Amino acid sequence: MKGLRNYIKELRKCSTKEQERQRVIKEMAHIRQQFKKSSGLSGYDRKKYVAKLIYTYMNGYEIDFGYIEAIELLGSKKYSEKRIGYLAVAIFLNENSEFVKLIINSIDKDLRSDDEKFQCLGLTAIANIGGKEMAESLTSQVQKLLVAVNTNRFVRKKAALCLLRLFRKYPDLMVSSEWAERCATLMNEPDLGVVTSLLSLFLSLVAKDPDGYLPIQEKAINALARVVLDRDVRPDYIYHDVLAPWVQVKLLRLLQYWPSPKSKSVSKKLNNVLNHILSTGKGGRDRNHINSTQAILFEAIDLVIQLGNSRSLMKDSTKKLLEFLSSKDLNVRYLTLNSLTHLMIVSEDTSNVKSHQQQIINALNENDISIKKRALDLLYFICDHSNSREIVGELIKFLQVADHEIKDDLVLKIAILAERFATDFSWYVDVILKVIRLAGDSVSDDIWYRVVRIVTNNKSLRNYAARTLFHTMQSPKCHEKAIMVGAFVLGEFGAVIAKKENSSPQVQFALLKSKFHSSSRKTKSIILTAFLKMRVRHQEIRDKIDSFFKTHVSSIEPEIQQRAVEYSTLSVNFPNLLPVACEPMPPFPEKENALLKRIKEQQEDTMDPRAWSLQQKSTEEQETTSKLETIDKEKDTGEDEKETAKQSKLIDDDEDIPQEVLEARKREAEQMKSNQSGGIMDDIMSIDNNLMNQTGNSGYQKSSQQLDLITDPTNISQTGNTANNQNPQNDIDELRNLDITIGMGPQNSQNNQENLIGDSGMLLTDAEEKMTESRSRLLFLRLCVNPAGVLFENDFLQIGIKSEYHGPVGKMMIFFGNKTDFPFTSFHAHIPPVPFLKFNVGDAPNLVRPKTQEKMLISFECQEEFGDPPTMNISLACEGLQDKGFKSIFDLPIIPNKFLEPVNISAQDFFGKWRQISGPPLESQDVFSAVTVNLTNIASIISGIKLGILPAVDQNPNNIVIAGVFCSKKKQVGILGRVEVSQVKKMIKLTLKTPSSTITSALRKIFLSQLQAN
């Protein structure tokens, strides 16, 4: 294009920026004029002018026209013109551009064409631009190109990389059940270039769903054997005498996501490949050969460790790794430490590696920070009770000279190891205080929170901790983190050392006061709270504390001022309430160790996480609480029934609580009992109970008819069986004919409310009518445990729900009521698709007349576990409204517990399964104030959640043991739980265990929403 070349030359000749800008303005004006010509440009001219726009844009000038002309080039039949068009849209447009919709059809047409060049241009554009709409429209066509028999190998490579780009951004678009078998056939591709591109895609796919893509495993092993054993490699894929090293590395890494093959012949073939790699992975002639060989060797070792099915291979791998520890090559030492860490994660035998412990410790002194990090990781995993003190001691020595980049991780690991392997309380406290002294700025809040938690939960540790922290704080160089811990401990447990003259209440007060003014706002807040608690226990310093509070009621820091005012007022005006407000801190509830959680997050923070990085060491990493946390943990014994009969000490232990606190509690309880006239929460419970008494346990049997519920909303499976209705078809007829009466005026509002849910009998209280957002939340929570109800209601619109569920299949009738004297026009109800539910949505109304209602029937099938509910978008126009319209998004009450089925199992089976699951995220434990402690009401709520109650498992009348199964098309998930009720404290301890973290978390939220007092 001569015109383009001349334009580029003229711009390069410009001596000043202003001269260049004037030339660009002139050229842009000329191009605009050409684009506006009524007689249409030729393809060549359009290509030339768009190319000039591209060059101008690449020189830093904004281009706000010419997009349409560039898009028109996509429709050209000439490759040169089409190429410029694709180049322009790739540069000018991004995934959020409004012009993306205009190019989708052109790209789709090129993908379907027989011209390989056009197909490549389209694939490149998809990968460069992306976007949700483009991905949804074109992913299927890209997949067809990838698997088509007649697709050119170059196009196939581009299609694989294009799918990789789309999958990383929108992983839900590719479902393993529909895609895995076709992926497996692609591994037979003889061209190693295509295989390399495919493996990049498969690594991402398999990392997300290893089980779903299991059919690829055998094909991958065969491909690896062809390269390693059969040496079936073209000369152009031999790199420095190494056969296709990139293919070997990717295949070995891919195989790490699966367990050992079930087929003996396939497993034997894989072992032969690994044995060949281990036996030949030695030094070579040049650096490139050595690097390639070692890359393959380390991936093979990682695969051997991951499979763990061959002692001889494991022995050879360990031997090689220990030899590499003394290598002079930094990269080799790095990879060795990394692989040894992998070995320690999956192996129970650490003796071989522990014999080289000093060598690993010496690696901490390397100049390379990466080596130090890997050595630290390895020491973390080889640490046990036999060497914990030595390793922690070495890490503390290293902490004094450690780089800032590694210090945070080092402090975190020291804290975890000190807690996990502490044999006595004093050592743990000493270690943490030493860490704070040496690297206080690197001690995160999670670490000192953990110290507070452990001290609070161990009575025998409180005296030593209080005494040690008291002496630590006396140092003028005491770090602020130590002051935080010390202030909390002295505020809670300072009384245990108050009898000694050198640590009397007066001395403790003076010490904390001396640290107050130089501390941060957060530390000051802790000290003020400590003073308030000390005031309750020590009468001799009350005047000093009151004076201190008064001094700070005019503090310039808002939080300090607020605390001082509130504490001062509470002390002077509410002396009887003060002991209740300053009760000793109760033991902290059991939950996931926040420090371990941070370790896991560090491992997971990668694009394609290694298969083994997400595993946990069975004997250590699954421990979410240390041996220091001994509070109220009852060991599983053969007498499980006796164990469950014990009342939870966590919520009923009144030991060590001052007598005045107990008396204040008693007065408060008597006052609550005398005022027990029933509030809104009682009304809610009675309403929920009326509805839940109507629900019955249903049995679920998988049937081919259930799929018809999704494709045909008029069909209903006959396998379900409800207590109230033996014929499910009658339920559907009732669902279709249900009429939710719309209120026409105040004179019949009561009747309207009674008819609102058909035969459910649910009445709305006067207090609820005054609610806005809280009322909508309340209505949604009711529908979480009831089959019918009001989802939303305001002055002009009412939305009602009636639903029915059988196993993983459900149906729902949604009612839209117009309460105004004007019609709802342009009415639109849309349910966006979600991956975990397969919807079949009936016709939605587009007009709702005044004082009438319209219905919409939806049916759905649960595909997999999920947490958040689907949504429904509502929009309408109405002349009677102030804004002439309404638009909102509503959560639909289609939540995991709707797909539960109660089960009945024996006590022996229950405890057998109960002990198999331990610790977050599969287990959740919560202790909370209850909305009700009436066991009948709680049982009704559990039935509404659709879980079964096992009365024969727990002999304690205040405990309820529950079990059920979550039903989905993909799989079923068993659910176990226990609800322990404290009638005295009006508290509940809830424990849930499932093999799915998603279901555990979802059910926990549902239970808390129904049982926890707000």
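The values are calculated or read from the model by the stated rules, or taken from the named source; none is laboratory data. This is a predicted model, so every value here is computed, not measured. Cβ: placed from backbone, ideal geometry, glycine included. Neighbour counts: every protein chain shown.
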Exercise. Return a yes/no flag: does segment 243-260 have any residue that is over 28 Å from the mean Cα position of the chain (by Cα), in contact (Cβ under 8 Å) with a residue 40 or more places away in the chain and farther than 26 Å from residue 155 by Cβ.
Key: yes
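Sort out for me the strands (runs of 3 or more DSSP E) sitting completely within segment 858-955 that have 3 or more residues that are outside the structural domain of residue 997 (by TED's automatic domain parsing) and either at pLDDT below 90 or farther than 27 Å from residue 175 by Cβ (or both). Can you show your working first?
Details: elements: 871-877, 885-891, 900-902, 923-929.
By residue number, 871-877, 885-891.
So which of 137, 200 is surrounded by fewer than 21 Cβ atoms within 10 Å (Cβ to Cβ), small (Gly, Ala, Ser) and farther than 24 Å from residue 232 by Cα?
Values: 200 fails: farther than 24 Å from residue 232 by Cα.
Going through 137, 200 in turn, the sole match is 137.
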Quiz prompt | Sole exception among (1) among the β-branched types (Val, Ile, Thr); (2) in contact with a strand residue (DSSP E or B) (Cβ under 6 Å, 6 or more places away or on another chain); (3) under 20 Å from residue 838 (Cα atoms) for residue 895, by number | solution = (2)
Self-check item: All helices (runs of 4 or more DSSP H) inside segment 146-233 with 3 or more residues being closer than 28 Å to residue 131 by Cα
Solution: 153-169, 176-186, 192-208
Quiz item: Taking segment 154-196 on its own, how many of its residues are under 22 Å from residue 248 (Cα atoms), touching a residue at least 40 places away in the same chain (Cβ under 8 Å) and within 30 Å of the chain's Cα centre (by Cα)?
Solution: 3
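For the structure I just gave you, tell me whether residue 152 is in contact with a helix residue (DSSP H, G or I) (Cβ under 6 Å, 6 or more places away or on another chain) and surrounded by 17 or more Cβ atoms within 10 Å (Cβ to Cβ).
No.
With respect to residue 826, is the statement that it is part of a strand (DSSP E or B), modelled with pLDDT under 90 and outside the structural domain of residue 998 (by TED's automatic domain parsing) true? Before the answer, list the steps.
Numbers: part of a strand (DSSP E or B): yes; modelled with pLDDT under 90: yes; outside the structural domain of residue 998 (by TED's automatic domain parsing): yes.
Yes, satisfied.
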Practice problem: Can you give me the number of residues within segment 167-195 that are among the hydroxyl-bearing types (Ser, Thr, Tyr) and buried (at least 17 other Cβ atoms within 10 Å of the Cβ)? | Solution: 1
Quiz item: If you scan segment 956-973, which residues turn out to be surrounded by fewer than 18 Cβ atoms within 10 Å (Cβ to Cβ) and either hydroxyl-bearing (Ser, Thr, Tyr) or in a strand (DSSP E or B) (or both)?
Solution: 972
Quiz prompt | residue 466 vs. criteria surrounded by fewer than 22 Cβ atoms within 10 Å (Cβ to Cβ) and within 28 Å of residue 508 (Cβ to Cβ) | solution = no
Self-check item: Enumeration of residues in segment 540-580 that are loosely packed, with under 15 Cβ neighbours inside 10 Å and of a type in the set (A, V, I, L, M)
Solution: 556, 572, 577
Exercise. Output the residues belonging to segment 811-844 that are touching a helix residue (DSSP H, G or I) at 6+ places or on another chain (Cβ under 9 Å) and buried (at least 20 other Cβ atoms within 10 Å of the Cβ).
Key: 811, 812, 813
Exercise. Just need a number here: residues in segment 943-987 that are more than 13 Å from residue 901 (Cα to Cα) and touching a Gly at 6+ places or on another chain (Cβ under 8 Å).
Key: 1
Quiz prompt | Single residue of segment 845-859 satisfying the filter (within 30 Å of residue 966 (Cβ to Cβ) and out of contact with any helix residue (DSSP H, G or I) (no Cβ under 6 Å at 6 or more places or on another chain)) that is surrounded by the most Cβ atoms within 10 Å (Cβ to Cβ) | solution = 858
Practice problem: Would you check which residues across segment 432-452 are farther than 20 Å from residue 512 by Cα and surrounded by 22 or more Cβ atoms within 10 Å (Cβ to Cβ) and list them? | Solution: 432, 435, 443, 447, 450
Quiz item: residue 1012 is checked against (1) under 26 Å from the mean Cα position of the chain (by Cα); (2) surrounded by fewer than 21 Cβ atoms within 10 Å (Cβ to Cβ); (3) at pLDDT 90 or above and fails just one. What number does that condition carry?
Solution: (3)
Quiz prompt | Exclusive hit being under 15 Å from residue 533 (Cβ atoms) and among the aromatic types (Phe, Trp, Tyr), set 493, 470 | solution = 493
Practice problem: Might you let me know whether segment 999-1011 holds any residue that is within 20 Å of residue 902 (Cβ to Cβ), in contact (Cβ under 8 Å) with a residue 40 or more places away in the chain and assigned to a strand (DSSP E or B)? | Solution: no
Quiz item: For segment 392-425, what are the residues that are in a helix (DSSP H, G or I) and among the β-branched types (Val, Ile, Thr)?
Solution: 392, 396, 406, 411, 414, 416
Quiz item: For segment 323-365, which residues satisfy the criterion of being among the hydroxyl-bearing types (Ser, Thr, Tyr) and assigned to a helix (DSSP H, G or I)?
Solution: 334, 336, 339, 341, 351
Quiz item: Going by the structure shown, is residue 838 farther than 23 Å from residue 172 by Cβ and of a type in the set (Lys, Arg)?
Solution: no
Practice problem: Go through 297, 325 for me and flag whichever is more than 21 Å from residue 249 (Cβ to Cβ) and modelled with pLDDT of 90 or more. | Solution: 325
